Structures are given as structure tokens and as C-alpha cells.
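Working notes for the structure below.
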Amino acid sequence: GAGVSQSPRYKVAKRGQDVALRCDPISGHVSLFWYQQALGQGPEFLTYFQNEAQLDKSGLPSDRFFAERPEGSVSTLKIQRTQQEDSAVYLCASSFGPDPGIQYFGAGTRLSVL
Amino acid sequence: GIQVEQSPPDLILQEGANSTLRCNFSDSVNNLQWFHQNPWGQLINLFYIPSGTKQNGRLSATTVATERYSLLYISSSQTTDSGVYFCAPPTWAGGTSYGKLTFGQGTILTVHP
């Protein structure tokens, strides 16, 4: 596609529900990143994929967070048993190569946990 | 990891004014991105600037890697320039070949007509 696409744009969940957030990177991009942006803050790194391999998950806040990219293209970020502190905007970015080329961001998914 | 500080935190301008946003970082970098986050939350790439100066219309950016800072210049500001401006150098951890971005807190720019 022309850009990074994320869905849904908005998600409201009740505390304790599981949610799945989808990211479609730019076609052909090897690298895919997930970031979390709390209100009034800059985005913070969550996890990184190079093709289908998850090379870095050091930013995932807890074991309730899980990400996958099984075919090296679309990625899903799953949050189990959501809590209020999970409320944030979740941003996906992709870049062409593994070395630090330009990262292009999607519009994000705004998650609100009630 | 690398620390990133942006200044000023807030900036209010009248349309037509010029401004300079600053980004200081604690470690040497080999590239840096500037972004504009619009009111709808979209992060828009402005510059990928490892060093030197680049210009794009009314915007230009300069990175002085040896002195660990980057500047973003906005000339003849317009109301559509409003939003949050972030700088983000990559962090290289443990000899990895990729760079996860570390963002500053941002500069909130408001341009009044």
C-alpha cells in the first residue's frame, strides 16, 4: 500500500478484555516497529520485527503484551486482560531495511480501557 | 540508553513568524528524524538528517552530531504548522543492526492567525 495502515483507529475495551491491533506495513519493508504513546508524551518503543523474526521485545511492559508477524508482512499486537494503564495510542512503523533507514508511521490505534 | 531533550516545551506564534526548535541528545548518533504530529495524531516525517543541513520549503534542519544537537527552523509559520514536533535519534543496543527510535518529549507549537 501507499503507507502504513493500522486498524482499528479507535478501540474501547472493558477492563479484562483481550484486544488485537493490526498493522499493515509498506509493501516490501523488512523492518516493523511498535511504539506506545501515552497522552502528552513522546512514543516509546515496544518491539521490533525483521521480517517474521521478533528480534527485540524489550519494551513490552508485561507478559500480557504479545506481538507477531508470522509471514513477515502484517503484524498484530495483542493485549490480554487489558487494564486502565494500557490506555494509549499504539503506533506502528516500518522501514525498508534492517539498518536505520527512515521509519514511516501509521496513524495509530487509540485504545481506551474503561 | 540515549537521552533526548527538546526545547522549548511550548511555543506560541503569530502567523508569519519564524521559530527555532532545539533537540539535544546525550550520545553520539549517526542519524536522526524530525516529525510533526498533527492534531489527528499522525506522525509525519519532516527530515532524516544524520548531519549537515537540509531544506524543504519553509522548513530546514541542521544536525551537528559532534556537539549532539539538532535544530529545526520554521519560517513564515502558518496555522497548519500547529501540532507537536518530535526529534528521534535511534538507539543501538548491544551491537544490533537496527535502530529503535528514542523520542524527546516534543515541542507543542501553536500558530495563531
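The values are calculated or read from the model by the stated rules, or taken from the named source; none is laboratory data. Just so it is clear, the model here is predicted, and its values are computed rather than measured. No Cβ is skipped: glycine too gets one built from the backbone with ideal geometry, and neighbour counts run over all protein chains shown. Ligands, DNA and RNA are stripped out before the accessible areas are found, and what is left, the full protein with its side chains, is counted by its heavy atoms. Shrake-Rupley method; radii C 1.70, N 1.55, O 1.52, S 1.80 Å.
Which net charge results for the neighbourhood of A:Asp18, defined as the other residues with beta-carbon distances under 10 angstrom from its beta-carbon, given Lys and Arg at +1 and Asp and Glu at -1? Could you put the intermediate results ahead of the total?
On the way: positive: A:Arg64, A:Lys78, A:Arg81; negative: none.
Local charge sum for A:Asp18: +3.
With a 1.4 Å probe and all protein chains left in place, how much of the accessible area of segment B:4-112 comes from carbon and sulfur atoms, in whole percent?
Numbers: 2500 of 4940 Å².
Here carbon and sulfur together make up 51 percent of the probe-accessible area.
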- What quantity of accessible surface, computed with a 1.4 Å probe and excluding non-protein components, is buried in total between chains B and A, in Å² to the nearest 100? 1700
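Quick check for you: with a 1.4 Å probe and neighbouring chains kept, what is the accessible area per residue of the protein assembly as shown, in Å²? Spell out each step's value before the answer.
On the way: 10790 Å² over 227 residues.
Roughly 48 Å² per residue, with all protein chains present.
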- Threshold 30 Å² - residues in segment A:21-68 whose accessible area is reduced by that much or more when the chain is no longer isolated, probe 1.4 Å: A:Tyr35, A:Gln37, A:Gln41, A:Gly42, A:Pro43, A:Phe45, A:Asp56
- Could you work out the mean count of beta carbons from other protein chains within 10 Å of each residue's beta carbon in B:43-53? 2
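Give, as a single signed number, the net charge of other residues whose beta carbon lies under 11 Å from the beta carbon of A:Leu91, with Lys and Arg counted +1 and Asp and Glu -1. Provide the component values of the computation, followed by the final result.
Numbers: positive: A:Arg110; negative: A:Glu44.
It works out to a net charge of 0.
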- Message: Of the candidates A:Leu55, A:Leu91, A:Leu21, which one comes out as most mobile in a Gaussian network treatment of chain A with C-alpha springs shorter than 10 Å?
- Response: A:Leu55
- Query: Once amide H atoms are placed 1.01 Å from N in the peptide plane, what residues at a sequence separation of 5 or more from A:Ala88, or on another chain, have their amide H within under 5 Å of its amide H?
  - Reply: A:Leu111
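By average Cβ neighbour count within 10 Å, what is the ranking of B:23-32, A:105-114, A:58-67 from highest down? Walk me through the numbers on the way to the answer.
Details: B:23-32: 17.7, A:105-114: 19.5, A:58-67: 14.9.
Sorting B:23-32, A:105-114, A:58-67 by mean packing, highest first, produces A:105-114, B:23-32, A:58-67.
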- Query: Which whole-Hz couplings ³J(HN,Hα) result when phi for each residue of segment A:30-37 is put into the Karplus expression 6.51 cos²θ - 1.76 cosθ + 1.60, θ = phi - 60°, listed in order with x for Gly and Pro?
  - Reply: 7, 9, 9, 10, 10, 10, 10, 10
- Item | Debye equation applied to the C-alpha atoms of the protein assembly as shown, log10 I(q)/I(0) at 0.11 Å⁻¹ | -0.55
- For chain A, which whole percent of the accessible surface, found with a 1.4 angstrom probe, sits on carbon and sulfur atoms? 48
- Which ³J(HN,Hα) values in Hz, rounded to whole numbers, follow from the phi angles of segment B:77-90 under the Karplus curve 6.51 cos²θ - 1.76 cosθ + 1.60, where θ = phi - 60° and Gly and Pro get x? 4, 10, 4, 6, 7, 4, x, 10, 10, 10, 10, 8, x, x
- Query: Stokes-Einstein D for chain A at 20 °C, 1.002 mPa s, Kirkwood Rh over Cα pairs, in µm²/s?
  - Reply: 154
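Please compute the net charge surrounding A:Phe66, taking Lys and Arg as +1 and Asp and Glu as -1 over other residues with Cβ under 12 Å from its Cβ.
Numbers: positive: A:Lys57, A:Arg64, A:Arg69, A:Lys78, A:Arg81; negative: A:Asp18, A:Asp63, A:Glu68.
So the environment of A:Phe66 carries a net charge of +2.
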